[in-house]
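The structure appears below as structure tokens.
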Amino acid sequence: MPAKSALKKMMEKFSRDSGIDEYLEKNVESAGYGGFEIITSPVGTRITIYVTKPGLVIGRRGIGIRELTENLEKIFELQNLQISVFEVEIPEQNARIMCNRVAQTVARGTAFRRAAMWTVNAIMRSGALGAEIVIAGKLRSERSHTEKYKDGVVPKTGYPATLTVREAVSDVKLKMGLYGIQVKIAIRDMVPPDMELIKDIEKERSEKERSEKEGVVVQDVKA
């Protein structure tokens with residue numbers, strides 16, 4: 001039997017991981033699913049699941065996590081599978097969780113604008129650098145269009161965007177049709193040092209200008 005090429009192995013791994021992600025999102029949704037990580041080694045496979053309510057995944061006396069382990073091993077042919085469940089410390093800075101919250105809130109009948117603004121405010125209150133929510137679909141009429149809700153700073157391109165921005169996409173089906181939801185969150189703790197330096201300089205400049213207007217002389221003291 002010929003050996004598999006590196007490209008074919010990579011595509012199979014991507015397909016398997018996507019299937020696991022879809023399975024977990026469907027079966028662990030009530031626990032506040034926020035994503036997973038998988039590590040494969042010669043001795044077995046380890047999956048780490050991030051949720052807001054670990055108890056719902058583990059279940060009473062570990063029944064829930066044992067059933068989940070057995071199902072994943074059977075469906076995706078995983079050998080010697082071990083599952084760890086971790087609680088997301090700041091759910092408001094997990095794009096996957098907040099995107100699903102918007103979808104669930106809209107599905108319960110809340111106006112999409114109110115749901116989006118509530119989510120943006122919750123993200124900013126958690127200490128994020130910025131938040132952006134885009135909702136597309138038949139929002140007000142038969143004609144589809146897009147609305148964007150944003151606060152703070154969300155880098156769009158380049159290294160800062162790759163480093164700081166977390167993104168998730170979801171959808172919800174309503175009477176008017178299918179709504180698409182995209183959430184982007186810029187994590188303040190991941191901001192590069194040079195961006196922090198620019199921000200500090202602007203802050204010091206504004207404080208100095210304010211002090212001068214109030215008649216207070218500010219001097220730079222050098223050792």
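The numbers here are math on the coordinates, done by the rules we state, and not lab data. All values reported here derive from a predicted model rather than from experimental measurement. Every residue, glycine among them, receives a Cβ derived from its backbone with ideal geometry; neighbour counts consider all protein chains shown.
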Qualifying trypsin sites (Lys or Arg not before Pro) for region 86-131 [loop in DSSP, other Cβ within 10 Å: at most 15]: 108
Modelled label-to-label distance, residue 140 and residue 70, 7 Å Cα→beta-carbon offset: nm? 5.4 nm
Count of lysine pairs in region 92-190 with Cα atoms under 22 Å apart, counting only pairs 8 or more residues apart in sequence or on different chains? 12
Return the loop-located GluC sites (Glu not before Pro) in region 1-90 (DSSP other than H, G, I, E, B) with at most 15 other Cβ atoms within 10 Å of their own Cβ; answer none if there are none. 77, 89
Quick one: putting +1 on the C-beta of Lys and Arg, -1 on the C-beta of Asp and Glu, what dipole do you get for region 92-190 around its Cα centre, in Debye to the nearest 20? 320 debye
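Please compute the Kirkwood hydrodynamic radius over region 6-88, one decimal place, Å, based on all pairs of different Cα atoms.
Working: mean 1/r = 0.0763 Å⁻¹.
Roughly 13.1 Å, rounded to one decimal.
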For region 1-41 and region 123-179, compute the distance between their C-alpha centroids and round to whole Å. 25 Å
